[in-house]
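Okay, so here's the structure we're looking at.
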Amino acid sequence: MNGVTIGQAAAFVGVTVKTVRHYHKLGLVQEPERDSSGYRRYGSADLLQLVQVRTLAAAGVPLAEIGPLLDADAALFAAALADVERQLTERIEELIVRRDTLHRLADGDRALLGDRAVALLERMSGLGFPADDVAATREGWVLAKALVPEGFDDYLTHFEHALDDTRFVALIKRATEAAAWEPDDPRVAELATAMADHFLANPALLKIVTGLQARTEAATRYELIALHGEEQGSAAARGVTLVETRLRAAGIHIPRPDTH
């Protein structure tokens, strides 16, 4: 009658009966012999073993590694725990990254584009760009980052500098208004000429046009980004085509839909 039942042992140690039986199955804790009444009785030595296994498991030591640890000398035990600590540190760092990603997902723009791009979008709003235009820019950037990731950061740098150019900002705002014009409105050609001339007069601005050119399927990727959100045959689409045509005529390389 010496000792306690498996239920009592589990309660004393702070685990479930199922856990104790799992420890037995893995050979981590020796299963006591049955007494004359057919019950297994857990003595102080059994409880001590259960405590040791539970403590190591709670500390993050894989169950498969606990058995050797229980039989190890002090030096091996310390080395094994140091290795477990290293593994736990790596897992903690990974979990922190995943947690931060979840936090960023709460803000879709930051998750898709990053802080720098979001700051530029906010700056556009502060400069008076319409909300629809900022939203369209955001969508275009999401595409650009996915299709031409190697050039996206440099593109943001060029765009940031372009926002310091008051004439360029005024032209872009005018282009936003052009979305409501008829495709054959003469103002479309006038605006396209003004934009192309401004690009050519300020070579640094051209990086906005030429910076997002992929190494493979360049024309396809460029067109998807440049014409995103623009209906075929619209004033905006015609304006983009006219600007590109003038820049190509000036020797600026811009991928064509039928080339790569």
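Computed values, structure above
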item: Positive dipole terminus of the chain, leading residue within Ala80, Pro203, His161 (C-beta point charges); result: Ala80
item: In Å, descending, principal axis extents of the Cα set of the chain; result: 105, 35, 35
item: Most fluctuating residue given options Glu93, Glu65, Glu33, as computed from a GNM of the chain linking Cα atoms under 10 Å; result: Glu33
item: Cα-based reach from Lys207 at 15 Å (exclusive), listing aspartates and glutamates while leaving out same-chain residues under 8 positions away; result: Glu150, Asp153, Asp154, Glu160, Asp164, Asp165, Asp197, Glu244
item: The stretch 119-164 versus the stretch 1-56: alpha-carbon centroid distance in Å; result: 64 Å
item: Vicinal HN-Hα couplings computed from phi for the stretch 32-41 (Karplus, 6.51 cos²θ - 1.76 cosθ + 1.60; Hz; Gly/Pro x); result: x, 6, 7, 7, 5, 8, x, 9, 8, 10
item: Amide H partners (placed H, <5 Å) of Val4, local residues excluded; result: Tyr42, Gly43
item: Radius 14 Å from Cβ of Leu56, net charge of other residues (Lys, Arg +1; Asp, Glu -1); result: -3
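We did not get these values from a lab; they are worked out from the coordinates using the rules stated. This structure is a prediction, so every number in the text was calculated from the model and none was measured. Note that each Cβ is placed from the backbone with ideal geometry, even for glycine, and that neighbours are counted across all protein chains shown.
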